[in-house]
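This report refers to the structure that appears directly beneath it.
The values are calculated or read from the model by the stated rules, or taken from the named source; none is laboratory data. Just so it is clear, the structure is predicted and the values come from calculations on it, not from any experiment. Reconstructed Cβ throughout: ideal geometry from the backbone, glycine too, with neighbour counts over all protein chains shown. Areas reflect the complete protein model, heavy atoms only, side chains present, ligands, DNA and RNA absent. Shrake-Rupley method; radii C 1.70, N 1.55, O 1.52, S 1.80 Å.
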Amino acid sequence: MILAETERLILRRYRQEDLQDLYEYLSDQEVVEYEPYKPLTFDETKENLQWRIGTNEMIAVALKHSHKMIGNVYLGKREFEALEIGFVFNRHYWGHGYAAESCGALIRQAFANGVHRIYAECDPCNMRSWKLLETLGFRKEACFRKNVYFWKDEHGKAIWKDTFVYARLNGDT
């Protein structure tokens, strides 16, 4: 099901035939460097795809001209008429404006549907992510120091990370 279209992209629900394209970027260490998971195996990607097909929160981004699925945008429903946004794209398509184009379209659609606030959390080291958020009109609201960990070191000690929080309100320009 198509959710939105832009000049170059189709934003749609995931489907079974996305498996190879999904594996291509979720198995890439550079792509998942700031994600709370390690690169996925093919079997893990199969399982992950089933979850993506079953949720309304994950939106596949495909090129209009070839229908190749090149990434995803996450829009998770939160309290108080808010959404959380996130994005992961195949690194072979970085630097072409696809993330900005797809996120921009979904943000406009969400605000038109009455969403009050959209926010994102990202690693301060992930400059590509927070620069994109700023390009999309988000403002940095917070920097939480050592507030989260995804991994532990060889001694079982948490590897703490900082988090930037960015947000945009409906009506911000």
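Given axes a ≥ b ≥ c from the Cα gyration tensor, I'd like to know whether the chain is rounded (a/c under 1.5), prolate (a/b larger than b/c) or oblate. Can you show the working numbers first?
Numbers: a/c = 1.66, a/b = 1.05, b/c = 1.58.
Because a/c hits 1.5 or more and a/b fails to exceed b/c, the chain counts as oblate.
When only the Cβ of Lys, Arg, Asp and Glu is charged (+1, +1, -1, -1), the dipole of the chain relative to its Cα centre reaches about 380 debye. If only the Cβ of Lys and Arg carry +1 and only the Cβ of Asp and Glu carry -1, the dipole of the range 1-102 around its Cα centre is close to 300 debye.
In the range 117-173, what percent of the accessible surface is made up of carbon and sulfur (1.4 Å probe, ligands and nucleic acids excluded)? Please list the in-between numbers first.
Working: 1930 of 3800 Å².
On the range 117-173, the fraction of accessible area on carbon and sulfur atoms equals 51 percent.
In this simple spin-label approximation, Ser66 and Arg8 carry label points 7 Å from Cα along the Cα→Cβ vector, and these lie 1.2 nm apart. Placing a label point 7 Å from the Cα of Lys46 along the Cα-to-Cβ line, the residues of the range 11-38 whose backbone N sits under 13 Å from it are 19-20. With all projection directions averaged, the alpha carbon convex hull of the range 1-49 covers 4.2 nm².
Given a 1.4 angstrom probe, I'd like the percentage of the accessible area of the range 1-99 that is carbon and sulfur, rounded to a whole number.
Numbers: 2640 of 5340 Å².
Carbon and sulfur: 49 percent of the exposed surface of the range 1-99.
Solvent exposure of the range 1-109, expressed per residue, is 52 Å² of accessible area, with all protein chains present and a 1.4 angstrom probe. Once you've got the GNM for the chain with C-alpha springs shorter than 10 Å, pick whichever of Asp28, Asp123, Asp43 has the biggest mean-square fluctuation. Fluctuation is largest for Asp43. Beyond 32 Å in Cα-Cα separation lie the following of the pairs Lys38/Lys146; Lys64/Lys146; Lys64/Lys131; Lys46/Lys77: Lys64/Lys146. With the charge dipole of the range 50-145 set up from +1 on Lys and Arg Cβ and -1 on Asp and Glu Cβ about the Cα centre, the Cα lying farthest toward the positive end among the listed residues Ala110, Trp130, Cys143 is that of Trp130.
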